[in-house]
1. Within segment 277-295, is there a residue that is in contact with a Phe, Trp or Tyr (Cβ under 6 Å, 6 or more places away or on another chain), near the ligand (Cβ under 9 Å from one of its atoms) and not hydroxyl-bearing (Ser, Thr, Tyr)?
2. Taking the options 313, 272, name whichever one is within 16 Å of the ligand (Cβ to nearest atom), among the charged types (D, E, K, R) and over 24 Å from the mean Cα position of the chain (by Cα).
3. Do we have any residue at all in segment 216-228 that's among the polar types (S, T, N, Q) and surrounded by fewer than 19 Cβ atoms within 10 Å (Cβ to Cβ)?
4. Do you know which of the residues in segment 140-155 that are part of a loop (DSSP other than H, G, I, E, B) and either in contact with an Asp or Glu (Cβ under 6 Å, 6 or more places away or on another chain) or in contact (Cβ under 8 Å) with a residue 60 or more places away in the chain (or both) is farthest from residue 225 (Cα to Cα)?
5. Which condition number does residue 284 fail, the rest of (1) free of Cβ contacts under 8 Å to residues at least 60 places away in the same chain; (2) over 19 Å from residue 115 (Cα atoms); (3) of a type in the set (Ser, Thr, Tyr) being met?
6. The conditions are (1) farther than 18 Å from residue 27 by Cβ; (2) under 23 Å from the mean Cα position of the chain (by Cα), and residue 79 fails exactly one of them. Which is it?
7. Only helices (runs of 4 or more DSSP H) wholly contained in segment 214-333 count here; list those with 1 or more residues that are under 30 Å from residue 142 (Cβ atoms).
8. On the basis of being in contact with a strand residue (DSSP E or B) (Cβ under 6 Å, 6 or more places away or on another chain), polar (S, T, N, Q) and in a loop (DSSP other than H, G, I, E, B), does residue 175 make the cut?
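The values are calculated or read from the model by the stated rules, or taken from the named source; none is laboratory data. All figures in this text were calculated on a predicted structure; none of them were measured in a lab. Here the Cβ positions follow ideal geometry from the backbone for every residue, glycine too, while neighbour counts run over all protein chains shown.
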Amino acid sequence: MQTSFIGDVVLTTPLIARLAQDGEVDVVTTPPGATLLASHPAVARLFVYDKRRADRGIAGFLRSAREARGARRAFLCQGSARSGSLAFAAGCRERIGFTTSDGRWTYTERVEYRDDWHHARRLLSLGDLPLAAASSESTDAAIRPRLYPTDDDVRAVDQLLEHRKRPMIALAPGSAWQTKQWPGYGELAALFADRCDIAIAGGPGDLAAAGEIAQRVDREHVIDATGKLSLLGSAELIRRSLVLVSNDSSPQHLASAMGTPTVTIFGPTVPEFGFGPLAPGSRTVGNRSLDCRPCDRHGPRVCPLGHWRCMNEITHDEVAAVVQSVISEETVR
Ligand code: SF4
């Protein structure tokens, strides 16, 4: 059961792949999560639990529990009491989740939540603690997520990139949390547009941010994909890019799944929370001199100190130098 954010769904794929070695894996997830996993070869069946809309309330809960009946074991990747109760109501006799989860009282088995591990590794530990413990975060394929864009996703990207010949850098300027959105993407794009096309990845909510980037670059060198591709289409677009530059948000996890090196810009959060990029060659950028950082697990709505120095002080030159070194390493590889 994984009904968290898109990035969490991506980071659950190593666990799903591991469990599929032992038997059929059904996944209960959100509507966006279902679009990501529909083509995943390790998923036997998908059950959509739209907990905030169509399945809100007790009727939706009971319908979802009825649908999901039949599984013997449930892995509670999202830790709410609602998820745990859903597994119980669906008749799962074994319910396995983290010691720190709100819903832990509904579990039959609790696994330590390792603060010092990447979240993909933590999730893997729910199904195979020895494998997770033996894995190395920087190199181990066992904790690398995987996604599988469909032929339609590939065709949509083919169309978007028709006649493009230059190498491409992908930028993902959005985040659900305002304070995690680095404001320097436009200047960064301008620095690379003489050699690379600039692809902008994101959903319909990122159109304004994409417009600001596009203003800084010749129109012919911008590929604005915001709102034009499915999630797996965005993953495919990122796969074809030299590098992705992203905030601490879901596109970096799409890149991890597609093997594209990522430069992730961390503001109020830090990679040590366990949500950094996993593709080989990836780097992170953050203002390590600030005592106030990190100030929130997800990123606050507004900077509680008012200055937002964790993002405002990260310059486009600093990020560009890191991006350039990633590109140089990729070219050598
Ligand atoms: S308090 Fe510090 S870490 Fe938090 S948003 Fe403000 S500048 Fe960033």
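1. Looking through segment 277-295, none of the residues is in contact with a Phe, Trp or Tyr (Cβ under 6 Å, 6 or more places away or on another chain), near the ligand (Cβ under 9 Å from one of its atoms) and not hydroxyl-bearing (Ser, Thr, Tyr).
2. 313
3. No, there is no match, as no residue in segment 216-228 is among the polar types (S, T, N, Q) and surrounded by fewer than 19 Cβ atoms within 10 Å (Cβ to Cβ).
4. Of everything passing the filter in segment 140-155, 144 is farthest from residue 225 (Cα to Cα).
5. Every listed condition holds for residue 284 apart from (2).
6. (1)
7. 231-239, 250-258, 316-332
8. yes
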